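The values are calculated or read from the model by the stated rules, or taken from the named source; none is laboratory data. Values in this document were obtained by computation on a predicted structure and should not be read as measured data. Every residue, glycine as well, gets a Cβ built from its backbone with ideal geometry; the counts of neighbours run over all protein chains shown.
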Amino acid sequence: MKKRAFIKNLGAISLLPFSENFFNSAENLSSDLPDTSTFSEDEIWQVIRTQYELHPDFINLESGYYNIIPKPTLAKQIEHLKRVNLEGSYYMREHRFKDKDTVTAALADFVGCTAENLVVTRNTTESLDLVISGFPWKKGDEAIYAVQDYGAMQVMFEQVEKRHGVGLRKVSVPNHPKNDEEIVALYEKQITPQTKLILISHMINITGHILPVKKICQMAHRYGAQVLVDGAHCIGHFDFKIADLDCDYYGSSLHKWLATPLGAGLLYVKSEHISTLWPLLADHEQDPTKIRRLSHTGTHPVATDMTIVDAISYLNWIGVERKETRLRYLKTYWQQALKDTPNIVINTSFDPQRSCGIGNVGLQNMKSATLAKRLFKEFKVFTVAIDYANVKGCRISPNVFTTKEELDTFIDAMKKLSTS
């Protein structure tokens, strides 16, 4: 590069505004998206599909692990990365924490709680393990969880069992319960005077089963037990407010259905419990009633946190209720198409209130791992195999970019494999 051109470019960089309020960029994201008020429902989903960069070699029916980012949100993440890279330590020292407060406030408003009860974490495991490991356990205390709960939480409970002498009681949640009362009774039967904490999944990750969280919480509170909710798959998936659940703690991963960049989560803690928890990482906040003391994450990719606001803006453009309706429609579409097929076992309830976008289906004539491999190798359909805790099949989790034609490919593949 010639000297004159280099100096000119350098001057242009120096004129960039220092520490512009990034929250305004999220507002700009919405203004850059098309007005769909006159679009038909099919046209809306066609537009949304164009906003994703999709792999040309396979159909992605595994959005449960990680939701890929739509192009408008990805563009904002890159903007935030450039800003942090440009300002360097100046940003980290002068604006990082103020921006995180802005993110937390926006996120709290979106999920339906106060910012004083919410912290941004890196994922659900960090959020829930903070509570399980930091709970004020005493020898002889007991905890309850389900064998269908996520493995990392079960391992942490096993650790506190060894470390603190905590007794563990387990339940098994049926794939097709008769009603809410059957689920509530499962947990209630395990409660003893020593029960201090119950872990429940808002949505069981391997089947998509939505549990009656509020009813379980109300029951548990009558016995003096606290409830920790694993909401890994719920924020941005279907419409609800954390405050309405009456739970004591709630953890979620935002890089799943809210479609933030990888490495974003949240933890909600009721005010009366904040001072009782030990944090995973010690923070300089000395006031035990301030939830900030639980949110120390050290030096980490802050552009990920900043992009949470953009992800919220993008989802608000779609509409949470519209997204919920679409995801439930896609799940029901393949469920209904396969329900009467010989050898096919559907492990997810057909009741629309008990599931949304995630479902699970298996074959009586084939192991889950084999089914997943053959779906990918022979039909270019990517899923994940599940084979434990009363669930044998593949988790099917379409997304807002999924088409009925892609699901038809999956349906045809399942019917063919059911006879092999």
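Worth pointing out:
- Selection of helices (runs of 4 or more DSSP H) fully inside segment 235-340 by the criterion of at least 2 residues being of a type in the set (S, T, N, Q) returns 302-318, 320-338.
- Test: T192 is touching a strand residue (DSSP E or B) at 6+ places or on another chain (Cβ under 8 Å) and surrounded by fewer than 20 Cβ atoms within 10 Å (Cβ to Cβ): yes
- For segment 199-234, filtering for residues that are in a strand (DSSP E or B) and under 20 Å from the mean Cα position of the chain (by Cα) leaves 9.
- Top-ranked residue in segment 85-132 [being assigned by TED's automatic domain parsing to the domain that holds T304 and of a type in the set (S, T, Y); ranked as farthest from H255 (Cα to Cα)]: T114
- Residue check for A389: within 27 Å of G236 (Cα to Cα) and touching a residue at least 24 places away in the same chain (Cβ under 8 Å): yes
- Candidates R322, R395, R326, filtered to the one that is touching a residue at least 60 places away in the same chain (Cβ under 8 Å), within 21 Å of P174 (Cα to Cα), buried (at least 16 other Cβ atoms within 10 Å of the Cβ) and charged (D, E, K, R): R395
- Close pairs (9 angstrom Cβ cut-off, 6 or more residues apart or separate chains): outside the structural domain of V361 (by TED's automatic domain parsing) and over 15 Å from V381 (Cα atoms) in segment 41-69, basic (K, R) and in a loop (DSSP other than H, G, I, E, B) anywhere: Y65/K256; Y66/K256; N67/K256
- Test result for G263, touching a helix residue (DSSP H, G or I) at 6+ places or on another chain (Cβ under 7 Å), surrounded by 21 or more Cβ atoms within 10 Å (Cβ to Cβ) and closer than 27 Å to V213 by Cβ: no
- Criterion violated by G357 - all others in (1) in a helix (DSSP H, G or I); (2) within 25 Å of T121 (Cα to Cα); (3) touching a helix residue (DSSP H, G or I) at 6+ places or on another chain (Cβ under 6 Å) satisfied: (1)
- Of all residues in segment 207-251, those satisfying the criterion of being among the aliphatic types (A, V, I, L, M), in contact (Cβ under 8 Å) with a residue 60 or more places away in the chain and in contact with a helix residue (DSSP H, G or I) (Cβ under 8 Å, 6 or more places away or on another chain) are L228, A232, I235, I242.
- When P352 is tested against (1) at pLDDT 95 or above; (2) out of contact with any Pro (no Cβ under 6 Å at 6 or more places or on another chain); (3) of a type outside the set (D, E), exactly one condition is not met: (1).
- Among the residues making up segment 146-157, those that are farther than 19 Å from Y187 by Cβ and loosely packed, with under 15 Cβ neighbours inside 10 Å are G151, V155.
- The lone exception for K373 - which of (1) surrounded by 16 or more Cβ atoms within 10 Å (Cβ to Cβ); (2) without any contact (Cβ under 8 Å) to a residue 60 or more places away in the chain; (3) within 19 Å of Y65 (Cα to Cα) it fails: (1)
- Residue that is modelled with the highest pLDDT, among those in segment 366-420 that are among the polar types (S, T, N, Q) and over 19 Å from Q335 (Cβ atoms): T370
- Index of the failed condition, V47 passing every other in (1) of a type in the set (A, V, I, L, M, F, W, C); (2) out of contact with any Ser or Thr (no Cβ under 9 Å at 6 or more places or on another chain); (3) at pLDDT 95 or above; (4) surrounded by fewer than 17 Cβ atoms within 10 Å (Cβ to Cβ): (2)
- Odd one out for Q154, checked against (1) in contact with a Leu (Cβ under 8 Å, 6 or more places away or on another chain); (2) in a helix (DSSP H, G or I); (3) closer than 26 Å to I386 by Cβ: (1)
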